[in-house]
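> The structure's right below; bear with me while I get my questions together.
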Amino acid sequence: MSHTTSTAILSAAEKVYRFLLFVYPATHRRDYGPLMVQLFRDLGRDACRQKGLAGLVHLWFRVLVDTATSAATEHVQELKKGDPLVTKKQHRLAIFCAGFPLGLWLVLLLINPNFASRMVVSTSAQPMGWMMMAAVLTLSGIGYLVQRKGFARPKRSDLSRRAVSGTILSSALFVGSIVLFVFPATFLVVFGPALMVLLEAGF
């Protein structure tokens, strides 16, 4: 891989990572965001230097898994502290809906470890499995953000037209996040391993 190509890829990867940081609470991004971006930049540079594009793909898998777990932990802490714009019930609902695909994958992993783990275990069909798992994590994260955005709209006690339209928009964002992000992520969790079997078989 040429220096120019690796620089362009690393720059694009950093932009995607900056967007990925939006799955963290705003306070966490403000306090640690720049340090996390710098760490990713250094790790990405080292991964490209040592193993090229394969090293960067492997780094992304590690980053997505770590982001999913650490972001969930930070949001739980935020939930304990409380949020003036989002009630605890709404926050729990957003976490449950967005985390449903990952929870389903863990359940399937307990039921049939060999089948459910096909997307994350190195096989002849990789990196397709890692890409599907990255898509699941990304879709779940975006689904959470969209739901949180919908719930966090200022609430009004009166019955003005603006309050009603805000409620309709919040409902639309919630349903849209389920249809556009949570459902596709769940589809990949359920049918991803079967697709891996087909790919390994040469179809």
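> Among the candidates 33, 52, which residue alone is at positive phi and surrounded by fewer than 16 Cβ atoms within 10 Å (Cβ to Cβ)? Give the steps one after another, and end with the answer.
On the way: 33 fails: at positive phi.
After ruling out the rest, the residue left standing is 52.
> Collect the residues in the stretch 173-198 that are surrounded by 16 or more Cβ atoms within 10 Å (Cβ to Cβ) and under 16 Å from residue 114 (Cβ atoms), keeping them in residue-number order.
189, 192, 193, 195, 196
> Out of (1) closer than 18 Å to residue 182 by Cβ; (2) modelled with pLDDT of 85 or more, the odd one out for residue 49 is which?
(1)
The values are calculated or read from the model by the stated rules, or taken from the named source; none is laboratory data. From a predicted model like this one, the values you see are computed outputs, not experimental measurements. Note: ideal-geometry Cβ built from the backbone for every residue, glycine included; neighbour counts use all protein chains shown.
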